[in-house]
Amino acid sequence: MPSKTILVTGCSSGIGLVTATGLKARGYRVFATARKPEDLEMLSQLGLETLPLDYSSSDSVRQCFAGLMEKSEGQLYGLFNNGAYGQPGAVEDLTRDTLRMQFEANFFGWHELTRLAIPVMRSHGKGRIVHNSSVLGFAAMPFRGAYNASKFALEGLTDTLRLELRGSGISVSLIEPGPILSRFRANALHALKENIDIEQSIYRDNYKGALARLAKEGPAAPFTLPPEAVLGKVIHALESRRPRPRYYVTVPTYLFGILKRLLGTRQLDRVLYMAGGEGKR
């Protein structure tokens, strides 16, 4: 039996890289994407088949999928949407263009790629769609508004898609990690410096704390797990006869999931405000 074909995005480091190599080791035919040529070369050296992908460009999304169909001869069993970045900043400091860039990368690109994948999966009568969301997809925290909004939107769209695909043979799952070791903070640091006018903001003191946190090497938050913790959930979503609609990863995700059910909005706000560290962590 030929191995199942999986497309894994955002494979330059962290969750995407570990997932791509882990699935290949389990016998899947993995196509791994990245934006930068040097990352694609690194992935090729690891024995992975690669495709360039920039979620913020429709042309790139379409070209990536066309390349996948050509190389796989029309085969696609699983899609793991993972590539994303976090734009820090207070909501009132987010320009329209900054928010648009966050949604292009974290939401619209994912949606476009998913729409291309579904007809192929329908033609085979089966498939697995797995979206890597976040604890911030259901628990808002201060100074993470752009990222919160993109992940809340993703979860709403994904929940709807799961209902619409009921009975099609295509399963849809969300993975909701808390803090995971990756280059996520380094990318967020760049986005903060690039897109937020720190010195002119009323929150400039908060941002100074955020800059220190984002620049810190190693885990910057309690209960941080390695990316292998997400790999296990992806494997279950791909291989289980009954994949779960949602997979929690890390203690904070379980904790906030429970608190969201138990606490009223005002009580939960106090917890999330303290957990967010006033933007300093």
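The values are calculated or read from the model by the stated rules, or taken from the named source; none is laboratory data. Worth saying up front: this structure is predicted, and the values here are computed from it rather than measured. Note that we place each Cβ from the backbone using ideal geometry, even for glycine, and neighbour counts take in every protein chain shown.
Exactly one of these conditions fails for Ala229: (1) over 19 Å from Pro88 (Cα atoms); (2) surrounded by fewer than 16 Cβ atoms within 10 Å (Cβ to Cβ); (3) touching a residue at least 40 places away in the same chain (Cβ under 8 Å). Give me its number.
The one condition Ala229 does not meet is (2).
Of Ala66, Ala32, which residue is among the small types (Gly, Ala, Ser), at pLDDT 95 or above, assigned to a strand (DSSP E or B) and farther than 30 Å from Ala210 by Cβ?
Within the list Ala66, Ala32, the selection yields Ala32.
I'd like the full set of residues that are more than 17 Å from Tyr247 (Cβ to Cβ) and either touching a residue at least 12 places away in the same chain (Cβ under 8 Å) or not in a helix (DSSP H, G or I) (or both), limited to segment 152-169.
Across segment 152-169, the qualifying residues are Phe152, Ala153, Leu157, Leu165, Arg166, Gly167, Ser168, Gly169.
Conditions first: (1) without any contact (Cβ under 8 Å) to a residue 12 or more places away in the chain; (2) more than 22 Å from Leu181 (Cα to Cα); (3) surrounded by 13 or more Cβ atoms within 10 Å (Cβ to Cβ). Tyr203 passes all but one, so which condition is the exception?
Evaluating Tyr203 over (1) without any contact (Cβ under 8 Å) to a residue 12 or more places away in the chain; (2) more than 22 Å from Leu181 (Cα to Cα); (3) surrounded by 13 or more Cβ atoms within 10 Å (Cβ to Cβ) leaves (1) as the failure.
Could you go through segment 70-78 and let me know if any residue there is within 30 Å of Ile196 (Cα to Cα), under 18 Å from the mean Cα position of the chain (by Cα), crowded, with 22+ Cβ neighbours inside 10 Å and modelled with pLDDT of 95 or more.
Within segment 70-78, not a single residue is within 30 Å of Ile196 (Cα to Cα), under 18 Å from the mean Cα position of the chain (by Cα), crowded, with 22+ Cβ neighbours inside 10 Å and modelled with pLDDT of 95 or more.
Can you tell me which residue in segment 239-264 is farthest from Pro179 (Cα to Cα), limited to those that are assigned to a helix (DSSP H, G or I) and among the aliphatic types (A, V, I, L, M)?
Leu262
Just checking, how many residues over segment 211-238 are at pLDDT below 85, of a type in the set (Gly, Ala, Ser) and either outside any loop (DSSP other than H, G, I, E, B) or within 19 Å of Arg144 (Cα to Cα) (or both)?
Qualifying residue count for the region: 4.
Being crowded, with 24+ Cβ neighbours inside 10 Å and not polar (S, T, N, Q), is that true of even one residue in segment 91-103?
Scanning segment 91-103, I find no residue that is crowded, with 24+ Cβ neighbours inside 10 Å and not polar (S, T, N, Q), so the answer is no.
Out of the residues in segment 196-210 that are part of a helix (DSSP H, G or I) and within 17 Å of Gln87 (Cα to Cα), state the one that is farthest from the chain's Cα centre (by Cα).
Per the stated criteria, the residue is Arg204.
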